[in-house]
Amino acid sequence: MSWWRVTVTSEQAIVIGTGATRAFHTPSLGYIPGSTLRGALATAWRIRYGDPDPAFRETFDHSVRFGPLLAASGDVANQSVLRRKYAPGDGEYVDCAFEDAGDAVGEHLKGDVIWGDKNALKVVTTTAIDPEKRTALEGNLFSRAAHRRRQTYHGLIHGDENLVGRLAELESASIGGRRSVMGRARIRIEPAQPPELPESGDVVLRTLSPTILLGDAGEPNLEWKGMKTFEGCEVVDAWGGRVAGEGISGWHMASGTPKPGDIAIAPGAVVKLREPGRDKVLELLERGLGTRRAEGFGWLEQVTKPWRPPGGKPGEEQTGGVATPDLDAMLGWPLEDRRAVAGWLQELREGDGTEPLESRRAWLNLTEGRRAAARRVIRDTPQAQRNPWASRLREGRN
């Protein structure tokens, strides 16, 4: 089994309906669930390779796990984080998995997706037209929340390289609902390194998606801290147990039937383990938690530092922190070059190399000096500052 990194760049708006329509409005999830990614890739597979074969069944119904996709400008809020009521600014958030909250007054975050870019979601409103009056038909006004186009999402797939390798040949797919007019996206799937675990010390894990746990009799179980999966490890503390309000059910396109609506623990559940065996942690990361794991439920990742909102405080415009000399110089570049670097900042992640870019025309059009600067910026710009700086680069120096 191996790890694969998924990068999705939307060419159209994406709608991930929650199934919980309120009045005339349909909200959207703040992330792309693993089940949605799996369905999109299954459809793309059939278009490319034809009718399902044994490899199709093995890929989409058995051993391969599809993780959730998060936008580069968003992140799941850890439930271990206390939002202090009377301490705005740098001390507003305290991650109890790493920091001492003391006698701070506030409430814990609830596992929602927090956006660094307040314009990442938009509302699309439509109506039916009266054929005789040519005006809006009364009682037929509808709206839905949608992810704006030209956003980049990242996630992981875990499975046999012979199966996932065929997925890596796919270049595009339609994601989410209303796929006749929305959801078109470019997809890149490439090998990734296994999670790097520290040689010693405590380990903090969090869930990126809802987790469906069952008791001995098959009943729903919301016991996060004492779950059997952590047996054999000393649990220092755990934060979770909140019921997920959405993102559990869905629609099974192949059969034309709704998926079950299970009771699940909300994303962002956190557990801190006292010096666990590294093989045990790697097994948890590879296997996940609970049931319906192939659809991305119970997806775990390691946390190595206190959680902070992406791009700063949610809902506020950010300027990207302190400029490096390279970024500051780029503000004076021609618009076409600035736009190219802005797009690459959002497409790639902190620490990435520029090899995937170096055959593209926009890269080849840069001078050698600008290519060197772009390499440093793409590799070194912190993840939380990449979207704000992309916006700055598109605007240029005022």
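The values are calculated or read from the model by the stated rules, or taken from the named source; none is laboratory data. Not measured: the values here are computed from a predicted model. A quick note on method: Cβ atoms are made from the backbone with ideal geometry, for glycine too, and the neighbour counts reach across all protein chains shown. Just the protein is used for accessible areas: all its heavy atoms, side chains included, with ligands, DNA and RNA removed. Shrake-Rupley method; radii C 1.70, N 1.55, O 1.52, S 1.80 Å.
Which of the residues that make up segment 17-51 are in contact with a Pro (Cβ under 7 Å, 6 or more places away or on another chain) and among the aliphatic types (A, V, I, L, M)? Passing the criteria: 20, 32.
Within segment 173-196, if we keep just the residues that are touching a helix residue (DSSP H, G or I) at 6+ places or on another chain (Cβ under 7 Å) and open to solvent by less than 40 Å² (accessible area, probe 1.4 Å), the residue that is modelled with the lowest pLDDT turns out to be 176.
Considering each residue of segment 337-347 in turn, at least one proves to be farther than 27 Å from residue 193 by Cα, open to solvent by 70 Å² or more (accessible area, probe 1.4 Å), at pLDDT 80 or above and more than 23 Å from the chain's Cα centre (by Cα).
The criterion of being aliphatic (A, V, I, L, M) and over 23 Å from residue 292 (Cβ atoms) holds for residue 203. A Cβ distance below 8 Å, combined with a sequence gap of six or more or placement on separate chains, defines the contacts here; from segment 218-245, residues that are of a type in the set (Ser, Thr, Tyr) reach residues that are at pLDDT 80 or above and part of a loop (DSSP other than H, G, I, E, B) in the pairs 229/289. Quick one: residue 172 ticks every box in (1) in contact with a Gly (Cβ under 9 Å, 6 or more places away or on another chain); (2) closer than 30 Å to residue 195 by Cβ except a single one, so which number is it? Looking at each condition in turn, residue 172 falls short on (1). Selection over segment 348-398 of residues that are open to solvent by 60 Å² or more (accessible area, probe 1.4 Å) and β-branched (Val, Ile, Thr) gives a count of 1.
Being of a type in the set (Lys, Arg) and at pLDDT below 85 is a property that residue 308 lacks. Listed by first and then second residue, the pairs with beta-carbon distance under 7 Å, at least 6 apart or on different chains, first residue in segment 330-345 and in a helix (DSSP H, G or I), second open to solvent by 30 Å² or more (accessible area, probe 1.4 Å), are 337/370; 338/394; 339/394; 340/362; 342/394.
Only strands (runs of 3 or more DSSP E) whose full extent lies in segment 2-101 are considered here, and the ones with at least 2 residues that are surrounded by fewer than 21 Cβ atoms within 10 Å (Cβ to Cβ) and basic (Lys, Arg) are 81-84.
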